Amino acid sequence: MRNKVIAGNWKMYTTIEEGVVLVKGLNAGLENNTLENKKIIVIPPFLHIPSVIEEVKKAGKIHVGAQNCHHEKEGAYTGEISPRMLKQAGVEYVTLGHSERRQYFKEDNGMLTIKTAAALAENLLPIYCCGETLSEREAGKEREIVQQQVEEGLFNLTEEQIKNVIVAYEPVWAIGTGKTASPEQAQEMHAHIRGLFRTKYGENIASDLIILYGGSVKPNNAAELFGMPDIDGGLVGGASLKAEDFLGIITSC
Ligand code: PEP
């Protein structure tokens, strides 16, 4: 059985102090929760990482991810952070290919495949994001687009590498819009993604693959989405910024 994973992407929100208060609230809310078969990840801005790690360590219930990384270990890349630096700071996960990175920073599948391999080389676990835009869905191209993102971004990885990757399906039209994919729409795409992995890597890898849904997940819709057979949890943006909401999502799955 696959574990459920609930990851909170804080994007470029919160001060360091607010981030620490948020984690204190999550620690307190999870005090009596054994989190059996569940993994909780928070993904704060880079600057917050040391303070957030210090705080999560006090309760030992939450893992920490970063929102992006460069592909080199070090070098003359002003403004960038390497996988090695993240690992040294105690980070375990890194989101790659979030639609905001693809849209505003022109990250494409070719760049993302390099970043994914670089993260894995430092034992950082990638959460690889994919998803179609509204116009792509309206044109009936959503399966094709997601397939291309998955194949070009991930399918040069070996079986050993791919076991350490989480996929997040995030339809762009549902991110930050309050418009969620229906559980059936999300399930259909998750089954499609799992099918791609089955064809490429075989049944064992496909059935162990964790595929998160992202796009306006809230406490009142999480249970229905996470109850679908191929949805293994969520990548949560807005609702991860309030302890009460994020805890509501965690407890509803
Ligand atoms: C996200 O940032 O990945 C996301 C899904 O955001 P939201 O939950 O706010 O739609």
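The values are calculated or read from the model by the stated rules, or taken from the named source; none is laboratory data. For clarity, every value in this text was computed on a predicted model and none was experimentally measured. Positions of Cβ are backbone-derived with ideal geometry, glycine not excepted, and every protein chain shown enters the neighbour counts. Accessible surface is based on the protein model in full, side chains and every heavy atom, while ligands, DNA and RNA are left aside. Shrake-Rupley method; radii C 1.70, N 1.55, O 1.52, S 1.80 Å.
Per-residue HN-Hα couplings for region 219-229, Karplus 6.51 cos²θ - 1.76 cosθ + 1.60 at θ = phi - 60°, whole Hz, x for Gly and Pro? Those phi angles translate into x, 8, 10, 5, 4, 5, 5, 6, x, 6, x Hz.
By the scheme Lys and Arg +1, Asp and Glu -1, what is the net charge of all other residues having a beta-carbon under 12 Å from that of T180?
Working: positive: K179, K218; negative: E170, E184, E224.
Here the count lands on -1.
Dividing the alpha-carbon Rg of region 143-212 by 2.2 N^0.38 Å yields what?
Working: Rg = 12.5 Å, N = 70, 2.2 N^0.38 = 11.1 Å.
Normalised Cα radius of gyration, region 143-212: 1.13.
Within the full protein context, the accessible area of E138 is estimated at about 140 Å² for a probe radius of 1.4 Å.
In this view, the solvent-accessible surface of T180, computed with a 1.4 Å probe and all protein chains in place, comes to about 40 Å². The dipole here belongs to the chain: it is taken about the Cα centre, uses +1 on the Cβ of Lys and Arg and -1 on the Cβ of Asp and Glu, and is about 340 debye.
Taking only the alpha-carbon atoms of region 184-253, what semi-axes of the equivalent ellipsoid follow from 5 times the gyration tensor eigenvalues under a square root, in whole Å, largest first?
Numbers: eigenvalues 133, 23, 18 Å².
Each semi-axis is √(5λ); the values are 26, 11, 10 Å.
Peptides 235-241, 70-76 ranked from most to least packed by the mean count of surrounding Cβ atoms within 10 Å: 235-241, 70-76.
The spacing between region 1-69 and region 225-247, judged by their C-alpha centroids, is 13 Å. What separates the Cα centres of region 159-217 and region 127-148 is a distance of 12 Å. Here the Debye sum runs over all C-alpha atoms of region 1-78 as equal scatterers in vacuum, and log10 of I(q)/I(0) at q = 0.12, 0.17, 0.22 Å⁻¹ comes out as -0.38, -0.70, -1.01.
Per DSSP H run of at least 4 residues, take -39500 (n - 2.57); add these up for the chain, divide by its residues and hand me the 222 nm value, nearest 500 deg cm²/dmol.
Details: 12 runs with 112 residues, N = 253.
One gets -12500 deg cm²/dmol as the mean residue ellipticity at 222 nm.
Percent of C-alpha pairs per 5 Å bin in region 39-129, short distances first: 3, 15, 26, 25, 19, 8, 4, 1.
Where does the charge balance sit around I210 when Lys and Arg score +1, Asp and Glu -1, over other residues with C-beta under 13 Å from its C-beta? Walk me through the intermediate numbers first.
Details: positive: R2, K4, K38, K39, K163, R194; negative: D208, D230, D232.
Taking every other residue near I210 into account, the sum is +3.
A simple rule links phi to the HN-Hα coupling: the Karplus curve 6.51 cos²θ - 1.76 cosθ + 1.60 with θ = phi - 60°, which for region 237-249 gives x, x, 6, 8, 8, 10, 3, 4, 5, 5, 5, x, 5 Hz, with x for Gly and Pro.
Rolled with a 1.4 Å probe across the full set of protein chains, the surface gives D232 an accessible area near 10 Å².
So what is the relative contact order for region 61-143, in percent, with contacts set as C-alpha pairs under 8 Å and at least six apart? The partial results should precede the final answer.
Values: 106 pairs, mean separation 25.4, N = 83.
About 31 percent, as a whole number.
Could you work out what % of the accessible surface of region 72-202 is carbon and sulfur, using a 1.4 angstrom probe and leaving DNA, RNA and ligands out of the count? Carbon and sulfur together cover 49 percent of it. In the full protein context, the chain carries 46 Å² of accessible surface per residue, based on a 1.4 Å probe and ignoring ligands, DNA and RNA. log10 I(q)/I(0), Debye, Cα-only the chain, no solvent, q = 0.09, 0.13 Å⁻¹? Once normalised to I(0) and log-transformed, intensities are -0.35, -0.77. Computed over all pairs of different Cα atoms, the Kirkwood value for the hydrodynamic radius of region 71-200 is 15.5 Å.
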